[in-house]
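Any read-out appearing in this document is the output of simple, stated calculations on the displayed coordinates, not a laboratory observation. For clarity, every value in this text was computed on a predicted model and none was experimentally measured. Positions of Cβ are generated from backbone atoms using ideal geometry, with glycine treated the same way; all protein chains shown enter the neighbour counts.
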Amino acid sequence: MCQEEKYNEKCDVWALGCLIYEMSALKPPFNATNQLALAKRICEQEVAPLPVEAGYSKDLQFIISQMLRKDPEKSMQLCFVLILLEILFDRTL
């Protein structure tokens, strides 16, 4: 979306990845003081790994990293995200 591409399912996957990241890290994956700076950071900055002290699994980190890929063609499809999240949460119960 920051690069003026058409909205599609991959945008929703990316937005969900941002939401899961923020819920896990207790901070947004990208931070800026205005919309232009935010768009620039989204396009140029890599997302920091989840804090180790939070105790989240490498599996969750992997899922988030796949959801937040910059290239929409390489981003994970929503159906795979849901399957992986279900497997991950079933293992933690």
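Note on the range 9-92: Lys pairs 8 or more places apart or on different chains, Cα atoms under 21 Å apart, count 10.
From helices alone, the chain scores -17500 deg cm²/dmol at 222 nm; the rule is -39500 (n - 2.57) for each run of n ≥ 4 DSSP H residues, then divide by the residue total.
The C-alpha atoms of the chain define a longest principal axis, and helix 35-44 lies at about 60 degrees to it.
Using R0 = 41 Å, the C-beta based FRET efficiency linking Tyr56 and Lys6 works out to 0.80. Among Gln35, Gln61, Gln77, the largest mean-square fluctuation in a Gaussian network model of the chain, built with springs joining Cα atoms closer than 10 Å, belongs to Gln35. For the range 9-92, relative contact order (Cα pairs under 8 Å, six or more residues apart, normalised by length) works out to 36 percent. GNM on the chain, alpha-carbon springs under 10 angstrom: the most fluctuating residue among Asp71, Asp59, Asp12 is Asp71.
Between the helical axis of 58-67 and the longest alpha-carbon principal axis of the chain there is an angle of about 30 degrees.
For the pair Leu26 and Glu86, a Förster radius of 25 Å applied to the C-beta separation gives a FRET efficiency near 0.55, rounded to the nearest 0.05.
With neighbour counts taken as other beta-carbon atoms within 10 Å, the residues Cys18, Cys79, Cys11 rank, fewest first, as Cys79, Cys11, Cys18. Against the chain, whose longest principal axis is taken from its Cα atoms, helix 9-25 shows a tilt of about 60°. For the range 9-92, the dipole from Cβ point charges (+1 on Lys and Arg, -1 on Asp and Glu) about the Cα centre works out to 220 debye, to the nearest 20.
Applying a DSSP loop filter and a limit of 16 other Cβ atoms within 10 Å to the trypsin sites (Lys or Arg not before Pro) in the chain leaves Lys6, Arg69, Lys70. When Glu9, Glu4 are arranged by Cβ crowding within 10 Å, least crowded first, meaning fewest neighbours, the order is Glu4, Glu9.
For the chain, the spread of Cα positions along the three principal axes, ordered from largest to smallest, is 41, 29, 16 Å. Comparing Met76, Met23, Met67 in a Gaussian network model of the chain (Cα springs below 10 Å), the most mobile by mean-square fluctuation is Met23.
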